[in-house]
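Could you have a look at this structure, given as structure tokens, before my questions?
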Amino acid sequence: MLEALNISKTFDGQKVLNGFSARLEKGRKYCLMGASGSGKTTLINILLGLLKPDSGAVHRAPGLKMSAVFQEDRLLEQMTAAANIALVSTAGGAEIEKLLLSLGIPSESLPQPVSAYSGGMKRRVALARALLAEYDVLFLDEPYKGLDEETRRSVIAIVQKYTKDKTVLLITHDKTETEGYIPLVLK
Ligand SMILES: Nc1ncnc2c1ncn2[C@@H]1O[C@H](COP(=O)(O)OP(=O)(O)OP(=O)(O)O)[C@@H](O)[C@H]1O
Ligand SMILES: [Mg+2]
């Protein structure tokens, strides 16, 4: 459903991606690990079509819908969590609220703008937004960053439930998050 063929990218004379190829199949889960600066976010940006590779090509199935949790939250700070999500989702208010609450956002925070949220709360709003958008492929760039262990575990379980039968590409530095995921190798 999505194929990268021989992707290369250089920034300021530094080769970041060198002939990366991969094929993402429908319903499979993939993970991408690698040192800071190894080109993981660059690769996701190229797969999403937000950045052009210097050479190589990305082929997407016609009409393929993509969703993402970026490395930064990219929320509209003056809006509520639900309003942020409604910008990209056809989910109804009740469904949005249900997911936010299940991700551990306190009900008293729901009327507040996300500028009042903690870092970990914002991360979960970014995650809820990505999960409630319509998509075939979901890109997750360190989605559980800033969550305490217990919250992380419950959030991961919710993500597994929502992404059942979907294609996912997860970037993480944590091996415990990649069980059952097919590793992609950067080169
Ligand atoms: N727009 C840009 N202009 C110049 N250099 C860039 C740009 N984007 C990324 N780079 C460089 O490319 C390299 C790879 O960056 P990238 O963000 O893809 O790494 P990463 O694997 O996601 O790292 P991290 O784990 O820290 O998020 C880094 O050396 C970075 O400085
Ligand atoms: Mg990155």
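Where a number appears in this text, it was derived from the coordinates with a stated rule and is not lab data. Note that this is a predicted model, so its numbers are computed, not measured. Neighbour counts run over all protein chains shown; Cβ positions are idealised from the backbone, glycine included.
I need the chymotrypsin sites (Phe, Trp or Tyr not before Pro) found in segment 89-181, filtered to DSSP loop residues with at most 11 other beta carbons within 10 Å of theirs.
Those that pass, being in a loop and sparsely packed, number zero.
Could I ask something else about it? Hey, what does the equivalent ellipsoid look like for the chain, semi-axes from the Cα gyration tensor as sqrt of 5 times each eigenvalue, largest first, whole Å?
Equivalent-ellipsoid dimensions as semi-axes: 29, 17, 16 Å.
Now a separate question. If you average the C-alpha positions of segment 89-119 and of segment 1-77 separately, how far apart do those two centres end up, in angstrom?
Each part reduced to its Cα centre gives a spacing of 29 Å.
Using the Kirkwood radius over Cα pairs, work out the Stokes-Einstein diffusion coefficient for segment 38-77 at 20 °C and 1.002 mPa s, in µm²/s as a whole number.
Result for D is 182 µm²/s.
If R0 is 25 Å, what FRET efficiency do you get for ARG28 and ALA57 from their C-beta distance, rounded to 0.05?
Computed FRET efficiency for ARG28 and ALA57 comes out at 0.75.
Can you give me the angle between helix 149-162 and the longest principal axis of the chain, using Cα atoms only, in degrees from 0 to 90, rounded to the nearest 10?
80
Provide the gained length on full extension for the span SER21 to VAL88, in nm with one decimal, where the gain is 0.36 nm per separating residue minus the Cα-Cα distance.
Taking 0.36 nm per residue and subtracting the Cα distance, the gain is 21.1 nm.
How much of the DSSP bridge set in the chain is antiparallel, in percent, rounded to the nearest 5?
45
Next question, about the same structure. Looking at the chain, which longest stretch skips every one of the GluC sites (Glu not before Pro) that is in a DSSP loop with at most 13 other Cβ atoms within 10 Å, leaving the sites themselves out?
Longest site-free region, per DSSP loop and neighbour criteria: 78-133.
On a 0 to 90 degree scale, rounded to 10, what angle separates helix 119-132 from the longest Cα axis of the chain?
70
Moving on. If the cut-off is 27 Å between C-alpha atoms, which lysines fall inside it for LYS9, apart from same-chain ones fewer than 8 positions away?
Leaving aside lysines fewer than 8 places away in the same chain, those within reach of LYS9 are LYS26, LYS29, LYS40, LYS52, LYS65, LYS145, LYS175, LYS187.
Hey, another quick one. Between SER36 and GLU134, what's the calculated FRET efficiency when r is the beta-carbon distance and R0 is 30 Å? Round to 0.05.
0.40
I want to verify a result. In a Gaussian network model of the chain, Cα cutoff 10 Å, which of these has the top mean-square fluctuation: GLY63, GLY34, GLY19?
GLY63
Moving on to the next point. Label point 7 Å out from VAL185 along Cα-to-Cβ: which residues of segment 1-22 have amide N under 19 Å?
The answer is 4-9, 16-22.
Okay, moving on. When the distances between all Cα atoms of segment 106-173 are binned every 5 Å from zero, what whole-number percent does each bin get?
Computed distribution, short to long bins: 3, 15, 27, 26, 17, 10, 3.
Would you please state which residues of segment 122-147 a label at HIS173 would reach in this model, taking the label point 7 Å out along Cα→Cβ and a backbone N cut-off of under 15 Å?
141-147
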